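Below is one structure, written out as structure tokens, with a few remarks after it.
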2 protein chains.
Amino acid sequence: MPDTASLSHSPDDVIRVSDKTLQNFAGYHMKRAFNVVQSDLTKTLKPFDLRMLTYTALILIIDNPGLRQSQLADAMDIERPNMVVIVDELERRELISRDRSEHDRRAYSLKGTLAGRQLCDKAIDAVKAHEARLLKGLDEDAVAGLIEALQLIQARTTVG
Amino acid sequence: MPDTASLSHSPDDVIRVSDKTLQNFAGYHMKRAFNVVQSDLTKTLKPFDLRMLTYTALILIIDNPGLRQSQLADAMDIERPNMVVIVDELERRELISRDRSEHDRRAYSLKGTLAGRQLCDKAIDAVKAHEARLLKGLDEDAVAGLIEALQLIQARTTVG
DNA sequence: GAAATTAGATATGAAAAATAACAATGATAC
DNA sequence: GTATCATTGTTATTTTTCATATCTAATTTC
């Protein structure tokens, strides 16, 4: 692994850009790795006309029938106003249903439709392939260790 | 580690939001962990009046005296027009100098000033503390494994 | 029943990022 | 040498994303 973030075009002044200081930070590697994942995932979801947020929302709704928009917004760490447009889109495409909750008529009860579940299944398969591609070279233990480390970092939020 | 992304407010319909499907994806954990890192890093850099992008740019300039804006943009994976405003800010605050290159009078030769290097040193110390906080609970090997895995994922980009 | 709270929607604004087009300079082809 | 082409940085513009404030209808609290 060379000590460079990218190649330079010019022969003068600076040949390669050194990121030696940044390399010391795990956050730097997380950002760069996530950029790659996000970019590839976006391409992976394109054929299904899904974006990262709509894909995530669809899965959570299917896994949690009767979910409310505000619960979904909380789970996805986005603001309620921004959730509206995502749910709007999923409903317009008839991937989810949006019925008034029986117990609380302010709230919606979100559920995946058959079409939504079918599209989601296909998308999940594609995302699994995408991950297999990106994680190629990491054995099972390494992936488990990666996820464990990421979960630990994430847990730092609720604690401190 | 419970199988929930967040707690619900209502006793009806759904009590907890299950993210069991998403938990299977490393990308999901990367996104959530990175959100925590980014949020904490933003707070960490606030006292120095630095954002993630200005902090990164400042470090790269200091580590690579004579750097050009386009090289910096390449290294940071941002578009050249967006680099302009970042360099503008660093120059306005006199954290960097921006002289015409001797060899190519179209380009600028970017260098850190004394004030820039001093501010950067302080910021780096704060970021080191921030990382120590977030990585607390991971031993040295775990951190090394994390970074190794992230580097491998990142390398998938240039290859495929 | 009045006041406070909550779910969702709307409108708006701020920040980040991408695209197109331009002037100045440099490199290349002939 | 000159014409053509490519590159550096800039400007202008747009899109996208994300956050805030406010509104309604419904619910809860007292």
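The ranking of B:I147, A:I59 by Cβ neighbour count inside 10 Å, starting from the fewest, reads B:I147, A:I59. Remark: mean inter-chain Cβ contacts per residue of A:66-75 equal 5, using a 10 Å Cβ-Cβ cutoff to other protein chain atoms.
Assuming charge only on the beta carbon of Lys and Arg (+1) and of Asp and Glu (-1), the dipole of the protein assembly as shown about its Cα centre is about 660 debye to the nearest 20.
Distance from the Cα centroid of the stretch B:96-118 to that of the stretch B:29-66 is 21 Å (rounded to whole angstrom).
With the simple spin-label model, which puts each label point 7 Å out from Cα in the Cβ direction, the A:E79 to A:E148 separation comes to 3.9 nm. For all pairs of alpha-carbon atoms in the stretch A:48-105, what percent lies in each bin of width 5 Å, listed from the first bin to the last filled one? All Cα pairs, binned at 5 Å, distribute as 4, 18, 34, 27, 13, 2, 1 percent.
Per-residue ellipticity at 222 nm computed for the protein assembly as shown from its helices equals -19500 deg cm²/dmol, with DSSP H segments shorter than 4 residues left out and the rest contributing -39,500 (n - 2.57). By the beta-carbon count within 10 Å of each Cβ, the least crowded to most crowded order of A:V143, B:V85, fewest first, is B:V85, A:V143.
Out of A:L45, A:T157, A:Q23, whose Cα points farthest toward the positive end of the dipole of chain A (charges: +1 Lys, Arg; -1 Asp, Glu; placed on Cβ)? Checking the options against the dipole of chain A, the answer is A:L45. As I understand it, the value is the acute angle between the Cα axis of helix A:26-45 and the longest principal axis of the Cα atoms of chain A; what does it come to in degrees, rounded to 10? Once rounded, one gets 50 degrees. For chain B, a simple Cβ point-charge model (Lys and Arg +1, Asp and Glu -1, everything else neutral) yields a dipole of about 400 debye relative to the Cα centre. Placing unit charges on the Cβ atoms only, positive for Lys and Arg and negative for Asp and Glu, gives the stretch B:108-160 a dipole magnitude near 360 debye about its Cα centre. Could you tell me which of B:A142, A:S101, A:A33 has its Cα farthest along the dipole of the protein assembly as shown towards the positive end, charges placed at Cβ (Lys, Arg +1; Asp, Glu -1), taken about the Cα centre? Value: A:S101. Once you wrap a convex hull around the alpha carbon atoms of the protein assembly as shown, what is its projected area averaged over all directions, in nm²? Projected area, direction-averaged: 18.2 nm².
Inter-chain Cβ neighbour count for B:136-149, averaged per residue, equals 5 (cutoff 10 Å, partner chain atoms only).
Semi-axes of the equivalent ellipsoid for chain A, computed as √(5λ) from the eigenvalues of its C-alpha gyration tensor and ordered from largest down, come to 38, 19, 17 Å.
P(r) for the stretch B:100-141, from all Cα pairs and a bin width of 10 Å, is 24, 25, 23, 18, 10, 0 %, short bins first. Could you give log10 I(q)/I(0) at q = 0.16, 0.27, 0.31 Å⁻¹ for the stretch A:15-65, computed by the Debye formula over C-alpha point scatterers of equal weight, without solvent? The Debye formula, applied to the Cα set alone, gives -0.64, -0.98, -1.07. Checking the table A:K128/B:K31; A:K122/B:K20; A:K31/B:K111; B:K43/B:K122 against a 21 Å threshold on Cα-Cα, which pairs fail? Correct reply: A:K31/B:K111.
FYI, it's all coordinate maths here, none of it is from the lab. Because the structure is a prediction, the values reported are computed rather than measured. No Cβ is skipped: glycine too gets one built from the backbone with ideal geometry, and neighbour counts run over all protein chains shown.
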